[in-house]
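Notes follow once the structure below has been shown.
The values are calculated or read from the model by the stated rules, or taken from the named source; none is laboratory data. Predicted, not measured: the structure shown is a model, and the values here were computed from it. Cβ placement follows ideal geometry from the backbone for every residue including glycine, while neighbour counts extend to all protein chains displayed. Side chains included, ligands, DNA and RNA excluded: accessible areas come from the protein's heavy atoms. Shrake-Rupley method; radii C 1.70, N 1.55, O 1.52, S 1.80 Å.
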Amino acid sequence: MNGGFDFEKPIVELEGEIGRLRALAGEGTVDVAAEIESLQKKLDAARRDIYGNLTPWQRVQIARHPQRPYTLDYVRLMTEGFIELAGDRFFANDQAIVGGVARLEGRTVVVVGQQKGRDTKENLLRNFGSAHPEGYRKAYRLMRLAEKFRLPVVSFIDTPGAYPGIGAEERGQAEAIACNLRAMAALETPIVAVIIGEGGSGGALGIGVGDEVLMLENAYYSVISPEGCAAILWKDQSKAAEAASTLRISPRELLELDVIDLIVPEPLGGAHRNYELAAREVKAALLGALDRLGRVPPGDLVRRRYEKYRRIGSFTEE
Amino acid sequence: MRFFARRIKVKKRDIPAGVWTKCRRCKEMVTSQEVEENLMTCPKCGYLSPLPAPARIRSLFADGEFHEIDARMRPADPLKFVDSLPYPKRQQSAEKRSGLPEAVVTGIGSLGGFAVACAVMDFEYMGGSMGSVVGEKITRLIEAAIEKRIPLLIISSSGGARMQEGALSLLQLAKTSAALARLDAEGILFVSVMTNPTTGGTTASFASLGDVIVAEPGALIGFAGPRVIKQTIQQDLPDGFQTAEFLLAHGMVDMIVPRRELGGRLAAILSLFGAPRFRSAAHAPRQRRPRREGAEA
């Protein structure tokens, strides 16, 4: 249950020891309160030390944790009355991207987001959160719906990438993403994107253009997967950890590069350790963003979004 | 907006005659001169090698009327990226290899007499990859097309977003597409030409957003690279998968035009859509005022 990442070993060991002592205490034979207290202090220190100094690669592992909350978990914990809407009206209902309408603290919002599966069966249904063109076109349809009713769009990003397959290419994966980028740039309603787990390149950006882009503390956002980068540049997939550092994919670095606007804190050890707390943080950050955007005159929204993206990049001119 | 104008010199490269080269597809021996004179097309099988941007510009802007803009823009190294080589070293060798300061040349010129804002990517510069400079130059070009109300032409040849600039490269997809949203709203024509190869982030942004999309024969065009797809699905890919012909059959491009005929076809398209005739005074970018030595800033 507790992840079992290698870097969490000291924590797991301390937790185990405390558990054993508690069991002893339960039997009432020995007084171990003092010892438990001391171990608990050690455990707290170990947690702060380990989770406070995660390497980029460790964050990638947390972002991919099978128990990490997914889009529909946040929707369930943060909103009321969610009605899911299905299909792109062209080809299919891609379940790697979910979407619909919900009430968030009294206001109606349109939600879109990539959705991974909890088990093998669901993962096959959801294609591990890797959408086909019809997923991007469903998101497009829902964003146009949001624009029609001037409802804010809340987009949850959690994908290893857009799916690289034969059908995806036949039906225009690139075109579907490109059209979304163009449409989101011009959408006459607020868009807040939240990177909740994996921000896998164009597949993430395809629903990720926003007036504000929020990012969870242990999420990553990258132009290429660390494994893919390592395979191309070092010809060695096992250099993924090195690639994760080199690519600067962690929230703090992306904030400095103006790629994201706000980091959302996670419960200690990662969002998977406390769904309710994670959802509360995301909700608070979202409401803050929606309040700020609510104060922007509607006529200024698209121009401001254009200027936000217009500035991004680094180059020299003599 | 600032423009740095420079005329691309229209001159034939000196190629020593009789230098032989083997065609990558048909393996026939052909002279380099034959291939180059034929716009990098194999005279035996028609295979199209990537055409360097200056040669492409010479072939399309035949009367030499092409005014380059942003010619002095160069990449930075925002991530301090090092793999087997530091990124600045890669930039240097790419510049040496391609003879260009970055992977795209942009400018305003006269194509068949029509004014057009044109970007040509060059595969020899780091695989035509899109980093901040490519994104910025293309965005400025789109803004220039809007300002001057002239059609936009982008000739892509690119493996996608450039890893060495990380997420900044990724966001160039959003930046260029946002500029194209403005172009769209202004009712200005955009013709996208996809050449061999056009993949990844380039296809997932501006290259796919043309009002008219032209592809070169046999060009590899797609979102994911064939190797990645093969690895993912653990199956062999069908013959002709991700070629221009495959895209035409699946409704993703409008037409396939051989390299030699591209200029004529583009001029015909520009004409039908009512492109303005090129007038130097109205369309050429403002010349940069020569800086006199000792002059005050």
Inset, instruction - Taking all protein chains together and a probe of 1.4 Å, list B:Trp20, A:Trp234 from the most accessible to the least accessible. - result: B:Trp20, A:Trp234
Inset, instruction - Evaluate peptide A:257-265: per residue, the Cβ atoms of other protein chains within 10 Å of its Cβ; return the mean as an integer. - result: 2
Inset, instruction - Please calculate the 1.4 Å probe accessible area of A:Phe128, with all protein chains present, and give it to the nearest 10 Å². - result: 110
Legend entry - trypsin sites (Lys or Arg not before Pro) within the range B:68-174, DSSP loop, no more than 16 other Cβ atoms inside 10 Å: B:Arg72, B:Lys80, B:Arg149
Legend entry - Total formal charge among the other residues, if their Cβ is under 11 angstrom from that of B:Pro226, Lys/Arg +1 and Asp/Glu -1: 0
Legend entry - chain A: DSSP helices with Cα axial extent of at least 15 Å and average Kyte-Doolittle hydropathy no lower than -0.5: A:9-27, A:173-186, A:275-294
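In terms of the Cα gyration tensor, with a ≥ b ≥ c the square roots of its eigenvalues, is the range A:60-310 rounded because a/c is under 1.5, prolate because a/b exceeds b/c, or oblate?
Taking the square roots of the gyration eigenvalues as a ≥ b ≥ c, the range A:60-310 is rounded.
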Legend entry - Residues along the range B:212-241 losing 50 Å² or more of accessible surface when the other protein chains are present rather than the chain by itself (probe 1.4 Å): B:Phe223
Legend entry - chain B, helix-only ellipticity at 222 nm - DSSP H runs n ≥ 4, -39,500 (n - 2.57), divided by all residues, nearest 500: -9000 deg cm²/dmol
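What dipole magnitude, in Debye to the nearest 20, does the range B:138-220 give about its Cα centre under +1 on Lys/Arg Cβ and -1 on Asp/Glu Cβ?
140
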Legend entry - Shape call, the range B:54-283: gyration tensor on alpha carbons, a/c limit 1.5: oblate
Inset, instruction - List the lysines whose Cα lies under 18 Å from the Cα of A:Lys138, skipping any in the same chain that are fewer than 8 positions away. - result: A:Lys116, A:Lys148
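Using Cα-Cα distances under 8 Å and only pairs 6 or more residues apart, what relative contact order does chain A have, in percent? Walk me through the intermediate numbers first.
Details: 570 pairs, mean separation 48.5, N = 318.
Averaging sequence separation for qualifying contacts and normalising by length gives 15 percent for chain A.
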Inset, instruction - Using only alpha carbon pairs under 8 Å that are at least six residues apart, calculate the relative contact order of the range A:6-53 and give it in whole percent. - result: 46
Legend entry - Contact surface B-A: accessible area buried, both sides summed, square angstrom, 1.4 angstrom probe: 4800
Legend entry - Tensor-based shape of the range B:87-171 (alpha-carbon gyration tensor, a/c under 1.5 rounded, otherwise prolate or oblate): prolate
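Kindly provide the helix-only [θ] at 222 nm of chain A, computed as the sum of -39,500 (n - 2.57) over DSSP H runs of four or more divided by all residues, to the nearest 500 deg cm²/dmol?
Counting only the DSSP helices, I get -15000 deg cm²/dmol.
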Inset, instruction - No other cysteine beta carbon under 4.7 Å away is the test; run it over chain B and list who passes. - result: B:Cys118
Legend entry - Directionally averaged projected area (convex hull, Cα atoms, the range A:6-53), nm²: 3.1
Inset, instruction - Return one whole number: the accessible area per residue of chain B in Å², for a 1.4 Å probe. - result: 43
Inset, instruction - Could you please report the charge total around B:Thr176, scoring K, R as +1 and D, E as -1 over all other residues with beta-carbon less than 13 angstrom from its beta-carbon? - result: +3
Inset, instruction - Compare B:Met121, B:Met29 by solvent-accessible area with a 1.4 Å probe and give them largest first, with all protein chains kept in place. - result: B:Met29, B:Met121
Legend entry - A:Asp258 accessible area, assembled protein chains, probe 1.4 Å, Å²: 100
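If B:Leu111, A:Leu262 are ordered by their accessible area, calculated over protein heavy atoms with a 1.4 Å probe, which sequence runs from highest to lowest?
A:Leu262, B:Leu111
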Legend entry - Accessible surface of A:Asp261 - all protein chains present, 1.4 Å probe, nearest 10 Å²: 60
Inset, instruction - List, in the order given, every pair from B:Lys27/B:Lys96; A:Lys9/A:Lys42; B:Lys89/B:Lys137; A:Lys121/B:Lys230; A:Lys239/B:Lys89 whose Cα-Cα distance in the structure shown is over 18 Å. - result: B:Lys27/B:Lys96; B:Lys89/B:Lys137; A:Lys121/B:Lys230; A:Lys239/B:Lys89
Legend entry - Accessible surface of the range A:60-310, 1.4 Å probe, proportion on carbon and sulfur as whole %: 52
